[in-house]
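**Q** Pasting in a structure now, in structure tokens, and then I'll have a few things to ask.
The values are calculated or read from the model by the stated rules, or taken from the named source; none is laboratory data. The model shown is predicted, which means the values in this text are computed figures rather than measured ones. Cβ sites come from the backbone with ideal geometry, for glycine too, and all protein chains shown count toward neighbours. Each accessible area value is taken on the protein alone, full model and side chains, heavy atoms only, with ligands, DNA and RNA left out. Shrake-Rupley method; radii C 1.70, N 1.55, O 1.52, S 1.80 Å.
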Amino acid sequence: MVDVLESIDAAALRRWAYRCVDSLTARCDEIDALNVFPIPDSDTGTNLMFTFRAAVESMRAAGPTADARAIGRALAVGAVAGARGNSGVIVSQLLRAVAEASADGPLDTVSVQAMLRRAKVLVAGAVSVPVEGTMLTVLAAADREASAHDANVGLATLVVDIAEATARAVDSTTDQLAELREAGVVDAGALGLSVIIDALVEVVIGRTPPRRRYRRPHEHERRTVGDASNVSSDCDGAPEPGYATGRPLGYEVVYVVHGQNDAGAAELRRALADIGDSVVVAGDGSGAWSAHVHTADPGGAVELGIAAGDVRGVRISCFGFAEPAGAVSPEAHDGAELSVGRDILALVAGDGAADLYVQEGATVVRCDEAIESSVLHRAIVGMKHREVLVLPNGALSAQELVAVGAAARADGKDVVMLPCSAMVQGLAALAVHDAARAAVDDAFTMSEAAAGTRWGSLRIAQERSLTWVGTCEPGDCIGLAGQEVVIVAARPLDAGCRLLDQLLATGGEMVTVLVGAQASEDFGDRLAEYVAGAHPGVDVVVYTGGQPGDLVQFGVE
């Protein structure tokens, strides 16, 4: 028999986060099939699932001994950084409220009430245009139910009553929004939020509340207001043929902006609202903000983010066009049928690096010299498969990648630009590539591997310039951690050893050394010897990359 919890400590928070991932995964197809608002793109369940996966990965990184405060904080940071879609950004604010409520320790009745009250405020502030009949409505219902209870009520009673109020609010969404009423469905994001609350009930009382399953009705089943025919015990989840409208849907743009305050985030929210809709800008409480917008100008959306701060993790999805009833989606491109499967396309400099990528199954586009974005576009369009995962490896700017992605999607390709800023990050991503996985799972896993690889490089200064660590003269060796100059030294070996010390200062199990064309023949081996002596237990792999420009690239995993 499972004991009923009187408070939610660190262990219970962990169980809740894992249970949310499991429950959202189990009901992902059901939630996706209900997705008609704000865009009928059938991805709300997928977005919520991946957002919670990102939160859980952040929680794991906090370590097994983390207390409730650290776990809550990690969940919020991970959710904001990995938020997918409108729903993911919104639910990240629920986790931010969890973080704030757990700052003083385990959650009890009073702190759960405060958490929901705070979540409602955060979400209302993040969403540019609140709409009735969505996640916001259901969150408000949960807050009302929590506030109606006396502070002395038991935690179990509180969370059960909140979950029941949430479930009732989900059922009511159909009649609160015209798009939902027309389709005969409940709001997909609202259902996802109910699943998350039910997961909390299971952690507290040891069992999941029994819930109905939903499906999208076929045309002859469409209901009138007040009829419950959209509710079913099964979940076929099949989107209704002929429901599409024939209108252009544009692009969904999501990214994270670092180094901004509340006022700056509000300004970004207003600016994004000028070029699109479904705008959400939500923070993690420490200067990182996840921005979401539906727009016909994805490049402009990214540029607004760049103007606001340090932009990372840009993701752009093309909604394309919702075809009229009976229309057939083109399955051919340039007269040739596209094969089922997935291509990996990488921008690579150097003969040795190109060989490494080819051995790992990637198609290589050489960028030893500056490359035009049109070259990448042509390469994507020329790939055999419809799905193409691109490893840019820092060869093109964010704006150029946005433009290439948009053009390739217009040409019938399902393209994803993975967040790889260097070839060593691309190699880390390739190492976990699995063609047997679904494309979204593969892209997520590869992105996580790339993001988890700290990288640096050594270069020879060509001119005198001022850096954060002092002035460098022509011929000096500069060491960069990511894009920031952190080392200036007269000798490359000294710069390399000092840069390795910095990259390994926060830990690491393996260093990849990709040696460039200008480095001496034994340069990689001498760096490996240094790591063996100064950082015992860290494995080192040295490859001859042959890339111009960088004497060496380091990747730390």
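**Q** Give me the number: length gained by fully extending ARG117 to ASP411, i.e. 0.36 nm times residue separation minus the C-alpha to C-alpha distance, one decimal in nm. Before the final figure, lay out the partial values.
**A** On the way: separation 294, 0.36 × 294 = 105.84 nm, distance 4.62 nm.
Difference between extended and current length: 101.2 nm.
**Q** Stretched out fully, how many nm does the piece from ASP501 to ARG144 gain, at 0.36 nm a residue minus the Cα gap?
**A** On the way: separation 357, 0.36 × 357 = 128.52 nm, distance 5.30 nm.
Between ASP501 and ARG144, full extension yields an extra 123.2 nm.
**Q** Moving on. Just in the range 348-412: which GluC sites (Glu not before Pro) are loop by DSSP and have at most 15 other Cβ atoms within 10 Å? Walk me through the numbers before you get to the answer.
**A** Working: sites: GLU360, GLU369, GLU372, GLU387, GLU400; in loops: GLU360, GLU369, GLU372.
Those that pass, being in a loop and sparsely packed, are GLU360, GLU369, GLU372.
**Q** Which order, highest average first, do 411-420, 186-195 follow once you tally other Cβ atoms within 10 Å for each residue and take the mean per peptide? Before the final figure, lay out each step's value.
**A** Values: 411-420: 21.3, 186-195: 29.7.
In decreasing order of mean packing, 411-420, 186-195 become 186-195, 411-420.
**Q** In the chain, carbon and sulfur make up what percent of the accessible area (probe 1.4 Å)? The partial results should precede the final answer.
**A** On the way: 12060 of 23630 Å².
Using a 1.4 Å probe with all protein chains present, the chain comes out at 51 percent carbon and sulfur.
**Q** Continuing with the same structure: Assuming 0.36 nm per residue, please report the length gained on full extension of the stretch ASP355 to ARG437 beyond their Cα-Cα distance.
**A** 27.1 nm
**Q** I would also like to ask the following. Any idea what the relative contact order of the chain is, in percent, if you count C-alpha pairs under 8 Å spaced at least 6 apart?
**A** After rounding, I find 10 percent.
**Q** Once you have the alpha carbon radius of gyration of the range 357-461, what is it after dividing by 2.2 N^0.38 Å, with N set to its residue count? Walk me through the numbers on the way to the answer.
**A** Values: Rg = 13.6 Å, N = 105, 2.2 N^0.38 = 12.9 Å.
That ratio works out to 1.05.
**Q** Next question, about the same structure. How many percent of the alpha carbon pairs in the range 1-134 exceed a separation of 25 Å?
**A** Numbers: 2356 of 8911 pairs.
Percentage above 25 Å: 26.
**Q** Just for the Cα atoms in the chain, what are the lengths along the principal axes, largest first, rounded to whole Å?
**A** 76, 61, 44
**Q** Spelling out what I want: for every residue of the range 426-432, take phi, set θ = phi - 60°, compute 6.51 cos²θ - 1.76 cosθ + 1.60 (Karplus), and round to whole Hz; glycine and proline get x.
**A** x, 5, 5, 5, 4, 5, 10
**Q** By what distance, in whole Å, do the Cα atoms of the range 131-194 stretch along each of the three principal axes, largest value first?
**A** Here the Cα extents, ordered largest to smallest, are 43, 16, 14 Å.
**Q** Next up: Using a Debye calculation, one point per C-alpha and no hydration shell, please list log10 I(q)/I(0) for the range 99-139 at q = 0.18, 0.25 Å⁻¹ in order.
**A** Those come out to -0.55, -0.82, one per q.
**Q** So which trypsin sites (Lys or Arg not before Pro) in the range 352-411 end up in coil per DSSP with only 10 or fewer other C-beta atoms within 10 Å?
**A** Within the range 352-411, no trypsin sites (Lys or Arg not before Pro) qualify (loop, at most 10 other Cβ atoms within 10 Å).
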